[in-house]
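Everything on this sheet refers to the single structure shown next.
Here, each number is a calculation from the coordinates, and none is a lab measurement. Being a predicted model, the structure only gives us computed values, none of them experimental. Don't worry about glycine lacking a Cβ; one is built from the backbone with ideal geometry, like all the others, and counts go over all protein chains shown.
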Amino acid sequence: MENKKPSLVSSYLGYAIVACLFLVVRYIVELDFFDTLARYRPFVQKLMLSLSIVTLILLAGKFVDDLIYKRSTSEGDRHNLQSIARLITSVLILIVIIAFLFQNLYAIAVSFGLISLVLGFALQSPITSFIAWLYIVFRRPYKIGDRIQLNGFRGDVVEVNYLDTAILECSGDYLQNDRRSGRIVYFPNSLILKSELINYSGPLVPFIYDETAIQIAYTSDLKFVEKCLLEAADLDFKEHYPQLAGEAVGEWSPAVYFRVNTYAWLEAVIMYPVEPMNTTVKRNRILKGALPLLNSVPEKVQFPEGSRR
């Protein structure tokens, strides 16, 4: 952090010096030495004042942006706050430019009204997406880092812009699991106002519940099967989340239930907590831990095999 302070100070100082130079030029042109340019004096003075104000707005915007970067701990919150700050900065600069171009406030209002009317008809979709961005920022249905599912798209949010959202796709056309496919999906923010949204970062953060089924015969020892599955799930949880191991018995405890399979076999289903981005890896670990235990006592557990499948 110490290496960054001089650069930040010099950056702020640069903005301040430029703003002061514009103000100095504004007052210099009032001197009698520039009487030959008297007819251009009002224009130059207004231009220098406007440029000075714009520079000060940029200085304030940079200060707020740096402050948000330092104080925000969540990447999603930081991105949303910086987007709002930059939008406000842009709007203030636009107001200064309009004030410089128009002398009459009535003309400004009329022009702004006509422009808004034309743009409203021509840019309905972008305007809707921008309104949806405001909804995303303040309602927070998702933020950067969340895994979401929306209108057939599923992935991890990496960017939320004024008009669209970018996600790193998981599953998709090429994968049958929850791993990232390597493709980036962009969709307009307005989609969130028309479709249901599933956010994997729900009230059980950092986990969701997943399940894995194993086919067994009706003659299997169900208590033994349940014991093996729970043992594998508990051991995996303690190894990978030792800080939460004490809670595994309560909030994060796995569970086993049985259901009838379509092909006349019984299914033993283990339900367990898992991080949304590690469902495939977690399933493999539990199966690798549970199957040796089940196979160790073949007289208690029978699996579909050969012509009996």
Q: Order the peptides 191-202, 275-286 from the highest to the lowest mean number of other Cβ atoms within 10 Å of their residues.
A: 275-286, 191-202
Q) How big, in percent, is the set of alpha carbon pairs in segment 208-303 lying more than 21 Å apart? A) 30
Q. Could you list log10 I(q)/I(0) for segment 139-259 at q = 0.21 Å⁻¹, which the Debye formula gives when each Cα is one point scatterer?
A. -1.13
Q.
Give me the net charge for the shell around residue 128: Cβ to Cβ below 13 angstrom, other residues only, Lys and Arg +1, Asp and Glu -1.
A. 0
**Q.** segment 162-229-segment 55-86 distance, computed between alpha-carbon centres (Å)
**A.** 33
Q: Enumerate the calculated ³J(HN,Hα) couplings along segment 151-158 in order (Karplus 6.51 cos²θ - 1.76 cosθ + 1.60, θ = phi - 60°), each rounded to whole Hz, writing x wherever the residue is Gly or Pro.
A: 6, x, 8, 9, x, 9, 5, 10
Q.
Give me 216, 127, 184 sorted ascending by neighbouring Cβ count inside 10 Å, so fewest comes first.
A. 184, 127, 216
**Q.** Amide hydrogen neighbours beyond the local backbone of residue 301, cut-off 5 Å, H modeled
**A.** 221
**Q.** Packing rank of 230-242, 291-303, where each peptide gets the mean count of other beta carbons within 10 Å, highest leading
**A.** 230-242, 291-303
Q.
5 Å is the cut-off here: which amide hydrogens, built 1.01 Å from N in the peptide plane, fall below it relative to residue 144, excluding neighbours closer than 5 in sequence?
A. 76
Q) If packing is taken as the mean number of other Cβ atoms within 10 Å per residue, what is the order of 13-24, 75-86, highest first? A) 75-86, 13-24
(Q) Please give the charge dipole size of segment 137-199, origin at the Cα centre, charges +1 on K and R Cβ atoms and -1 on D and E Cβ atoms. Round to the nearest 20 debye. (A) 140
